[in-house]
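Notes follow the structure.
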Amino acid sequence: MESINWIGAVVGAIAAFGLGAVWYSPAVFGRRWQAAAGLSDDDIAAAPMGRTFAVAGMASLVAALVFAAFLGPAGIAFGTAVGATAGIGWVATSFAINYVFEQKPLALFLINAGYHAVQFTLYGFCIGAANAWS
């Protein structure tokens with residue numbers, strides 16, 4: 001636990017949560033994501049948003065903390081590069097395996113995997129920046 005930069009991980013989790021708000025907004029990918037996921041406006045309205053955001057926030061924090069432990073004392077450039085590599089090389093490819101077997105639309109994969117690639121890039125940047133400044 002000593003190698004975890006808690007400030008970087010918390011800031012990264014908050015940044016990724018904010019990214020999600022923008023990424024999945026109707027102005028960016030929200031409508032395309034909703035259609036590709038097969039969700040109606042009624043489905044969205046009926047979702048338990050408090051629980052949804054609580055789980056998403058906690059999952060983002062856990063992911064950022066684990067990534068901080070993995071990353072260690074890396075700086076900004078290395079942290080950002082490793083974050084992008086993890087997001088694309090581990091997360092997006094893992095999604096690809098599930099999506100191809102579940103026969104989900106390519107658009108849904110690109111939206112979701114793209115978000116997570118940028119999410120991990122943000123984690124790496126925030127953790128690396130916090131490491132550099134501490």
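When you look at ALA69, is it touching a residue at least 40 places away in the same chain (Cβ under 8 Å) and either part of a helix (DSSP H, G or I) or more than 21 Å from CYS126 (Cβ to Cβ) (or both), yes or no? Yes; evaluated as a whole, the condition is true for this residue. Among the residues of the range 20-31, the one identified as over 13 Å from ALA63 (Cβ atoms), touching a helix residue (DSSP H, G or I) at 6+ places or on another chain (Cβ under 7 Å) and in a helix (DSSP H, G or I) is TRP23. Could you tell me whether the range 12-27 includes any residue that is surrounded by 13 or more Cβ atoms within 10 Å (Cβ to Cβ) and more than 12 Å from the chain's Cα centre (by Cα)? Checked the range 12-27: no residue is surrounded by 13 or more Cβ atoms within 10 Å (Cβ to Cβ) and more than 12 Å from the chain's Cα centre (by Cα). For the range 8-32, residues that are without any contact (Cβ under 8 Å) to a residue 40 or more places away in the chain and not hydrophobic (A, V, I, L, M, F, W, C) total 5. Within this structure, GLY72 passes the test of being surrounded by fewer than 21 Cβ atoms within 10 Å (Cβ to Cβ), touching a Ser or Thr at 6+ places or on another chain (Cβ under 9 Å) and not hydrophobic (A, V, I, L, M, F, W, C).
The set of residues from the range 100-127 being over 17 Å from GLY20 (Cα atoms) and in contact with a Leu (Cβ under 7 Å, 6 or more places away or on another chain) comprises just one member, ILE127. Figure legend. Inter-residue proximity from the range 37-48: first residues closer than 20 Å to LYS104 by Cα, second residues hydrophobic (A, V, I, L, M, F, W, C) and not in a loop (DSSP other than H, G, I, E, B), beta-carbon distance below 7 Å, spacing 6+ or different chains. Indicated pairs: ALA37/LEU108.
Residue-level check: of (1) buried (at least 16 other Cβ atoms within 10 Å of the Cβ); (2) farther than 16 Å from ALA129 by Cβ, LEU106 misses just (1). Scanning the range 44-66 for residues that are at pLDDT 95 or above, at positive phi and exposed (fewer than 15 other Cβ atoms within 10 Å of the Cβ) turns up nothing.
Right, ILE7: surrounded by fewer than 18 Cβ atoms within 10 Å (Cβ to Cβ), among the aliphatic types (A, V, I, L, M), closer than 18 Å to GLY128 by Cα and in contact with a helix residue (DSSP H, G or I) (Cβ under 6 Å, 6 or more places away or on another chain) or not? Yes; evaluated as a whole, the condition is true for this residue.
The values are calculated or read from the model by the stated rules, or taken from the named source; none is laboratory data. Owing to the predicted nature of the structure, the values given are computational and were not obtained by experimental measurement. Reconstructed Cβ throughout: ideal geometry from the backbone, glycine too, with neighbour counts over all protein chains shown.
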